[in-house]
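Enquirer: One structure, as structure tokens, below. Some questions next.
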Amino acid sequence: MNVPKYLIIPALALAVTACQQNKTPNATESVATSADTAQADSTKPNDTTAVDLPGDKPVPLAQLIVPGISIGQTTINESAENVHKKLGTPDGGDAAMGKSISIWYANHDTTNNVTQMYFSRGQGNDEVKRVKQIRVTSPFFKINSKVFTGTPFKNVQSIYNLKKVATFTEKGAKRNLYDDSKAGIGFDMDDNGIITGITVHEPGRGAALTYLPFFSDLKIMD
């Protein structure tokens, strides 16, 4: 069959477009194996441009930190039951009076990076324990290509309205906690000005209020 020449170019363009669409990766296809290699939750927002720097490469959803919303696959106000199904049995934690904390260490080694979560029951008739705060020390999770644990704290000072709200010690070392309560994001850093942990919490609620279960020697600033 002779195909008119004026139809050949459009047909080839459609074929190329279809191939490119089939090669586009799905952000939710990977399987989570640990707290440090977590898959993006299906409820996560797809637009990451708000946290990207000019010319920056977008962070994959599985690694993305979204202030006030999520870290990796875990979202604020997600049920504790759902979190434990995805991340597995915690390596440590505590519970009392409708509140609890869960702790996961990379490779179950307490010397490795840690993921800490604080849960409390919902308001009113909601008896389900829900995530209220998430803290990670792994550089796997990122706000953008220049903001993650191990990077200078100065990298975030121009992005958020941060205020020093508390001090505490972690493994014998002093930490300073800075928080943008309105945005729902906090950072702790060491005396060298390096980010040692990043926390996401409900917007409008200070990070220091729920850091206490993580660190018993937490001292809130006046």
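The values are calculated or read from the model by the stated rules, or taken from the named source; none is laboratory data. Keep in mind that this is a model prediction, so the values were computed, not measured. With ideal geometry, Cβ positions are generated from the backbone for all residues, glycine too; neighbour counts draw on all protein chains shown.
Enquirer: For the list (1) within 16 Å of Val131 (Cβ to Cβ); (2) assigned to a strand (DSSP E or B), I need the number of the one condition that Asp179 fails.
Expert: Result: Asp179 passes all but (1).
Enquirer: Farther than 21 Å from Val83 by Cβ, of a type outside the set (Ser, Thr, Tyr), modelled with pLDDT under 95 and buried (at least 19 other Cβ atoms within 10 Å of the Cβ) - does that describe any residue in the range 111-128?
Expert: no
Enquirer: May I pose another question? Mind listing whichever residues of the range 202-222 are out of contact with any helix residue (DSSP H, G or I) (no Cβ under 6 Å at 6 or more places or on another chain) and either within 16 Å of Thr115 (Cβ to Cβ) or assigned to a strand (DSSP E or B) (or both)?
Expert: Within the range 202-222, Ala207, Thr210, Tyr211, Pro213, Phe214, Phe215, Lys219 meet the criteria.
Enquirer: Could you check how many residues of the range 139-160 are touching a strand residue (DSSP E or B) at 6+ places or on another chain (Cβ under 7 Å), of a type outside the set (A, V, I, L, M) and at pLDDT 95 or above?
Expert: 9
Enquirer: Specify which of the listed residues (Lys163, Lys99) is charged (D, E, K, R), at pLDDT 95 or above and farther than 21 Å from Pro60 by Cα.
Expert: Lys163
Enquirer: Filter the strands (runs of 3 or more DSSP E) completely within the range 57-153 down to those with at least 1 residues that are under 15 Å from the mean Cα position of the chain (by Cα) and in contact (Cβ under 8 Å) with a residue 12 or more places away in the chain.
Expert: Because the criterion is at least 1 residues that are under 15 Å from the mean Cα position of the chain (by Cα) and in contact (Cβ under 8 Å) with a residue 12 or more places away in the chain, the strands (runs of 3 or more DSSP E) in the range 57-153 that meet it are 99-105, 114-121, 129-136.
Enquirer: All but one of (1) surrounded by fewer than 20 Cβ atoms within 10 Å (Cβ to Cβ); (2) touching a Gly at 6+ places or on another chain (Cβ under 6 Å) hold for Ala207; which doesn't?
Expert: Evaluating Ala207 over (1) surrounded by fewer than 20 Cβ atoms within 10 Å (Cβ to Cβ); (2) touching a Gly at 6+ places or on another chain (Cβ under 6 Å) leaves (1) as the failure.
Enquirer: Kindly evaluate Pro25 against the criterion of being at pLDDT 55 or above and either of a type in the set (Gly, Ala, Ser) or over 22 Å from Val128 (Cα atoms) (or both).
Expert: no
Enquirer: Can you tell me which residue within the range 182-201, out of those that are of a type in the set (S, T, N, Q) and part of a strand (DSSP E or B), is surrounded by the most Cβ atoms within 10 Å (Cβ to Cβ)?
Expert: Filtering first and then ranking leaves Thr199.
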